[in-house]
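The values are calculated or read from the model by the stated rules, or taken from the named source; none is laboratory data. This one's a predicted model, so the numbers in the text were calculated from it and none came from an experiment. Note: ideal-geometry Cβ built from the backbone for every residue, glycine included; neighbour counts use all protein chains shown. For the accessible areas, the whole protein counts, side chains as well, though only heavy atoms, and no ligand, DNA or RNA atoms are used. Shrake-Rupley method; radii C 1.70, N 1.55, O 1.52, S 1.80 Å.
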Amino acid sequence: MAAARTPAGLAAMVDRRAAGQPLEHVLGWAEFCGLRIAVDPGVFIPRRRTELLVRRAAALARRAAAPARQDPTRQDPTPPRAVVVVDLCCGSGAVGAALAASLGRVELHAADIDPAAVRCARRNVAAAGRVYQGDLYGPLPARLRGRVDILAANVPYVPSGDVGLLPSEARAHEPRVALDGGADGLDVLRRVAAGAPLWLAPGGHLLVETSERQAPRAAEAFGRDGLIPRVAHSSRLNATVVIGTRPPGQGE
Ligand SMILES: C[S@@+](CC[C@H](N)C(=O)[O-])C[C@H]1O[C@@H](n2cnc3c(N)ncnc32)[C@H](O)[C@@H]1O
């Protein structure tokens, strides 16, 4: 009721909802990490569980921003720097927008293959960063290679055979490219992990959401690509995030 401007507008919104459209598409926004994220019809709706990925990424970014502060012997700690954050498979840009809001100073780059998602993300990260369209790392500027502190990628991870089991709101109103992760759900994740060492700064982190069941195989893939893997889980959010760190000594 608060979102409708007129009684007729409210009736139209109720009709759309009753016809099965997700509430967030009817309202035009989703709440995520305390922010209102614009979500256009046909764009993936950010899930509450993805707040775990944001929280872990923000904590790692803060450490990356102020390494000198952790050294008590330093007399002249260098001021915090802007961390370089990439939100790959950004959808509406919710993850990048939340990281920018939480961290304040970031150099944010976001990318997605879906033009509708890119249009939406451009609105959500407008002042905070740049949004590119294309396949995974393809559209990112080459100058980011070896400089990325935080590579957050909420990739599609539903196994192809399970997409039909999702609630109809997802099946009918979110694009398949946002959901389908291939035979075991890890196809896009494996491609992201394989490319990550080229883009991450030494000591930089890749964070990807998976299901709890997929996490061990995802961690294995990270390890094969030279990242040091670990798994974070939140029972409250029913969320699992696999984190891979590029060894700090590499390339320095
Ligand atoms: C699960 S959604 C996540 C969206 C957003 N990060 C979030 O958490 O709300 C996955 C996103 O990955 C994008 N995507 C799928 N395959 C891609 C690819 N090969 N390159 C870039 N983006 C891709 C989809 O368009 C979709 O927006």
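Before moving on, here are some points about what is shown:
- Candidate set from the stretch 142-158 (those that are of a type outside the set (Gly, Ala, Ser) and away from the ligand (no atom under 15 Å from the Cβ)); member that is surrounded by the fewest Cβ atoms within 10 Å (Cβ to Cβ): Arg143
- Residues (within 21 Å of Ala66 (Cβ to Cβ) and open to solvent by 20 Å² or more (accessible area, probe 1.4 Å)) located in the stretch 85-101: Ala101
- Residues that are over 12 Å from the mean Cα position of the chain (by Cα) and not aliphatic (A, V, I, L, M) within the stretch 33-47 comprise Cys33, Gly34, Arg36, Asp40, Pro41, Gly42, listed in sequence order.
- Entry remark, the stretch 176-210: residues being in a loop (DSSP other than H, G, I, E, B) and either charged (D, E, K, R) or surrounded by fewer than 16 Cβ atoms within 10 Å (Cβ to Cβ) (or both) number 2 in total.
- Contact map, the stretch 220-240: first residue without any contact (Cβ under 8 Å) to a residue 40 or more places away in the chain, second residue open to solvent by 50 Å² or more (accessible area, probe 1.4 Å) and basic (Lys, Arg), Cβ cut-off under 7 Å, separation 6 or more or different chains; pairs are Ala221/Arg190.
- Qualifying residue in the stretch 201-211 (condition: among the polar types (S, T, N, Q) and in contact with a Leu (Cβ under 8 Å, 6 or more places away or on another chain)): yes
- Residue match in the stretch 63-76 (condition: modelled with pLDDT of 95 or more, among the acidic types (Asp, Glu) and open to solvent by 60 Å² or more (accessible area, probe 1.4 Å)): no
- Residues that are more than 22 Å from Ala178 (Cα to Cα), small (Gly, Ala, Ser) and buried (at least 17 other Cβ atoms within 10 Å of the Cβ), drawn from the stretch 102-127: Ser102
- Each residue in the stretch 1-44 was checked for being open to solvent by 70 Å² or more (accessible area, probe 1.4 Å) and assigned to a helix (DSSP H, G or I), and 8 of them qualify.
- Contact annotation: no residue pair with Cβ atoms under 7 Å, 6 or more positions apart or on different chains, pairs a residue in the stretch 112-123 that is of a type in the set (Ser, Thr, Tyr) with a partner that is surrounded by 17 or more Cβ atoms within 10 Å (Cβ to Cβ) and at pLDDT below 95.
- If you check Pro175, Pro139, Pro197, Pro115 for being farther than 19 Å from Ile45 by Cα and near the ligand (Cβ under 10 Å from one of its atoms), only one passes: Pro139.
- When Val231, Val188, Val242, Val208 are checked against the criterion of being within 16 Å of the ligand (Cβ to nearest atom), of a type in the set (Val, Ile, Thr) and over 26 Å from Pro22 (Cα atoms), Val242 stands alone in meeting it.
- Every condition in (1) modelled with pLDDT of 95 or more; (2) over 20 Å from His25 (Cβ atoms); (3) open to solvent by 10 Å² or more (accessible area, probe 1.4 Å) holds for Ala82 except the one numbered (1).
- The condition of being in contact with a strand residue (DSSP E or B) (Cβ under 7 Å, 6 or more places away or on another chain) and polar (S, T, N, Q) does not hold for Ser168.
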